[in-house]
Structures are given as C-alpha cells and as structure tokens.
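The values are calculated or read from the model by the stated rules, or taken from the named source; none is laboratory data. The model shown is predicted, which means the values in this text are computed figures rather than measured ones. Methodologically, a virtual Cβ is constructed for each residue, glycine included, from the backbone with ideal geometry; neighbour enumeration extends over all protein chains shown.
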Amino acid sequence: MALPLLIGLIHFSNQTFFNLLVLLVAMIGLFEFYAMALPKELELERVVAILCGFISGAVVCWQRIDLLLLVLVISFGTLSVLFLLRMREINSAVHNLVYAFFGIIYVPLFLSHVALLREFEHGREWLYFSLVIAMVGDSAAYFVGSAIGRTKLSPLISPNKTVEGALGGLAGSVVGAWLVKMLFLPQASYSLVLFMAFFLAIFGQLGDLFESMLKRCFAVKDSGSIIPGHGGVLDRLDSLLFVFPVAYYCVLYFG
C-alpha cells in the first residue's frame, strides 16, 4: 500500500506540493534526530534548529542555491549565540552546538536533493531509479546475508550485517537499476546506469551504516516510533539520505 502511494506522489503531484511534502518529512526526521542527540532541557535550541533546518531545506527545494550559504551562516551564528547565552554546562555546550548544526546538514539539506532530482528532465524516472537501487539493495543484502553471511561487515556498528550481504545488496541494486533503465530510462546509456548503480548502492549501504552508528552513539534502538513496527522516519530514510545527493550530482554532471 505504501509503495503505490509513494509512486503516485512522485509521479502526479506538482512540484510545490512535492517540495512541501519533502520538507514535512525532513522536519519529522530532524525532530527525531534532535530527540536522540540533544538533551530534553534544550527545547528552545531544538525549535530554533528545526526552524533553521526548514529554511535551509526550502532554499534548496526551490533552487535558491544562491541563498544557501547565507542561510547556513545565519543559522550557525544564531545557534552559536543561543547556546552561548543559555549555556548550562560548559563541557557539553560545544558538543550540543555541533549536533544542532550537523542535524541541519544531515537531514533537510541531504533530503532536499530529492526535490532537485525530480526537477530534471526525466526527473521522476531518476527518482524511481534511486529508490529501486536503495530498496532492492536493502532487501537483497538482508536475504543474502541471512542465507550465507559469515564475515562481519562492521561488528561495532551493526553486528548482523555481513560482507556477503553487502555484496548481495550491491548485485541486487545493479539488477534493479538495469530493470528501471529498460522500463523507464531507455535514453540513458548503459555505462551511466552501471556507474550510478554501483556508486548509489555503495553510498546507500554507507548511509544505512551511518545511521546505525548514530543510534549506537546515542544508545537508542530506533530513531523514533512514528511508523509502527518500523521505527522512525530516519530509520526508513537512512540509505536514501546518502543516495539522493549522489544521484542528483551524477545526473547533473554526467546525465
């Protein structure tokens, strides 16, 4: 049920509605990140950081890249002054400031690349391409790892992930990319599809591992509970947060 809805939103919604939807998802993800990273007493700092994240993401979604550096500088300056004036403990002040600003980069800025990707010629098709690489790769990694996985990939971060599963996920991503190329992107060259499939699959797995690392650092099992049985929004976006920017720049410079 969720997949047809997702395809419908990508294919039929206008760009403004799609941008607003991306920002809504980004703000939920940013809220989850700050719930993990920042102490509960920093409520005002969270609100200000989420507002800065919304503005930063909106600037990218509406392709006002000329304003992005200004927005980031103002955001960092505002957060710096806020943490300085409301500092309760000097040992954690800088750490919390770094987490606050990092969240803006990691969630809304990375995710807003999906809006940029959609605005390309054949942007919807490139979006399907990116989603299939991430989703098929994740499923293939799970099944291959469960069946024949022996060599631990990163035991400190995710003990269940294996090298065999990662290779299976890479192979699954390439097969999925090939199918999308045949169905939706006949104009794309085989070399470009293979190049993008390989790099997007790798970065998708790195994104998954990176979010697992964050949860380990913050000692939480899931980023949230908004999706019953599946954790939070960040748990669903982990690989895509790395995949969408890479896909956008690949299409921009090579597509």
With (1) touching a residue at least 40 places away in the same chain (Cβ under 8 Å); (2) under 16 Å from Val114 (Cα atoms) as the list, and Glu45 as the residue in question, which single condition is left unmet? (2)
Any hit, the range 172-180, residues being closer than 28 Å to Tyr99 by Cα and outside the structural domain of His113 (by TED's automatic domain parsing): no
Kindly state which helices (runs of 4 or more DSSP H) lie completely within the range 116-219 and contain at least 3 residues that are buried (at least 16 other Cβ atoms within 10 Å of the Cβ) and over 20 Å from the mean Cα position of the chain (by Cα). 163-184
I'd like the full set of residues that are touching a Pro at 6+ places or on another chain (Cβ under 7 Å) and of a type in the set (Phe, Trp, Tyr), limited to the range 102-150. Phe110
For Leu209, all conditions in the list (1) in contact with a helix residue (DSSP H, G or I) (Cβ under 8 Å, 6 or more places away or on another chain); (2) under 30 Å from Pro39 (Cβ atoms); (3) in contact (Cβ under 8 Å) with a residue 24 or more places away in the chain hold save one; what is the number of the exception? (1)
Please determine, by comparing only the residues of the range 155-185 that are in contact with a helix residue (DSSP H, G or I) (Cβ under 8 Å, 6 or more places away or on another chain) and among the β-branched types (Val, Ile, Thr), which one is nearest to Phe195 (Cα to Cα). Val174
I'd like the full set of residues that are of a type in the set (S, T, N, Q) and loosely packed, with under 12 Cβ neighbours inside 10 Å, limited to the range 8-22. Asn14, Thr16
Tell me, yes or no, whether the range 92-100 has at least one residue that is within 17 Å of Leu234 (Cβ to Cβ) and either surrounded by 13 or more Cβ atoms within 10 Å (Cβ to Cβ) or outside the structural domain of Phe18 (by TED's automatic domain parsing) (or both). yes
Condition first: among the acidic types (Asp, Glu), surrounded by fewer than 17 Cβ atoms within 10 Å (Cβ to Cβ) and either in contact with a helix residue (DSSP H, G or I) (Cβ under 6 Å, 6 or more places away or on another chain) or not assigned by TED's automatic domain parsing to the domain that holds Gly29 (or both). Can you find one or more residues in the range 228-237 that meet it? no
